[in-house]
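What follows is a set of notes on a single structure, which appears directly below.
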Amino acid sequence: MSARIIDGAALGLRIRERVAAGVAEMLDAGRRPPGLGVVLVGDDPASAVYVRNKTAACEQARMHSVQVNLPADAGQARVLAAVGELNRDRRIDGILVQLPLPAGLDADAVIAAIDPGKDVDGLHPENAGRLALGRPLVVPCTPAGVMEALRDEEVELRGAEAVVVGRSNIVGRPMAQLLLLADATVTVCHSRTRDLGEVTRRADVLIAAVGHAGLITGAMVKPGATVIDVGMNRLPPAEPGAKGRLVGDVDRESVEPVAGRLTPVPRGVGPLTIAMLLSNTLEAARRHQAG
Ligand code: GUN
């Protein structure tokens, strides 16, 4: 048997078309377009690429977008001031501060400064708390995208054994909350988990989100399981100056013959994250313009 490969790029495109149709409807009704403000601090090349892709996707969907670039040594006060300005800007419905922030900046304080109604990353304590209480308003984009993929694939979650590897605020924790809301039996594993393989082998649905290339091997996967690979790891380049290959947390070679379904890297979860950012921004705009 060989796993069915889940096409995240195709699903991401379908979600983006749905969002673009929602934006067109707003514009046709004479309303202003949804607006996204992105704050990029420092010059990390990977972050710059992510941010460029996010703003390009916004423009494709005919949304308004603003990008604020600050130098790595901008300091906490300037970053907070940029967030405050976007909070007050009435054309902006969603705010995203690209993470990780350069060393020396307090990311928690920056996230807490975002207006929770504009927090399209779903990372503000109010939104994280709402999700933990089972009453989500805005859900972080990557786990929301994973849920879309599971729904699209008609994966049964009620009563299923779901195992999440990783406990980050941006993926692992909200992922576990969403699976719990879908009535799965959820286990969260992390770097101190005693026997990782013993736990992951129980999973009907296995989510790998740790940032460790090839951590999940075929021997750690239950036959027929749905395996979602959230990892984005850049391998060292084969020759100096070249770009290293992008791989996930799942060792595709050994997992593909065992799993029932598998998301690839790239073209798996990545495109879903951007699609859900646009979806969250459209929803925020609808809330802001309601009534
Ligand atoms: N860095 C990597 N992924 C993300 C994301 O989803 N949101 C933000 N703000 N930063 C990120």
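Quick one: is ALA48 within 16 Å of the ligand (Cβ to nearest atom), surrounded by 14 or more Cβ atoms within 10 Å (Cβ to Cβ) and without any contact (Cβ under 8 Å) to a residue 12 or more places away in the chain?
On the way: within 16 Å of the ligand (Cβ to nearest atom): yes; surrounded by 14 or more Cβ atoms within 10 Å (Cβ to Cβ): yes; without any contact (Cβ under 8 Å) to a residue 12 or more places away in the chain: yes.
The answer is yes for ALA48.
This table checks each residue for (1) more than 29 Å from LEU180 (Cβ to Cβ); (2) surrounded by fewer than 19 Cβ atoms within 10 Å (Cβ to Cβ).
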residue	(1), (2)
ALA61	yes, no
GLU85	yes, yes
LEU99	no, yes
PRO102	yes, yes
ASP108	no, yes
ILE111	no, no
Would you be able to say whether some residue in the stretch 127-137 is away from the ligand (no atom under 11 Å from the Cβ) and closer than 20 Å to PRO271 by Cβ? no
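Return the residues of the stretch 109-129 that are of a type outside the set (A, V, I, L, M), under 16 Å from GLY172 (Cα atoms) and in contact with a Leu (Cβ under 9 Å, 6 or more places away or on another chain); say none if nothing qualifies.
Matches in the stretch 109-129: ASP121, GLY122, ASN127.
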Sole miss for ASP152 among (1) more than 22 Å from ILE274 (Cα to Cα); (2) touching a helix residue (DSSP H, G or I) at 6+ places or on another chain (Cβ under 6 Å) is condition (1)
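For the stretch 236-264, which residues satisfy the criterion of being buried (at least 23 other Cβ atoms within 10 Å of the Cβ) and of a type in the set (Val, Ile, Thr)? Give the steps one after another, and end with the answer.
Initial filter on the stretch 236-264 (buried (at least 23 other Cβ atoms within 10 Å of the Cβ)): 248-250, 255, 259, 262-263.
Residues satisfying the conditions are VAL250, VAL255, THR263.
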Residue match in the stretch 92-107 (condition: without any contact (Cβ under 8 Å) to a residue 40 or more places away in the chain and touching a Gly at 6+ places or on another chain (Cβ under 7 Å)): no
Is there a residue in the stretch 20-35 that is surrounded by 13 or more Cβ atoms within 10 Å (Cβ to Cβ), within 14 Å of LEU277 (Cα to Cα) and within 15 Å of the ligand (Cβ to nearest atom)? no
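Each value in this text was obtained by applying a stated rule to the coordinates, not by laboratory testing. These figures come from a predicted structure and were not determined experimentally. Here Cβ is always computed from backbone atoms with ideal geometry, including for glycine, and neighbour counts include all displayed protein chains.
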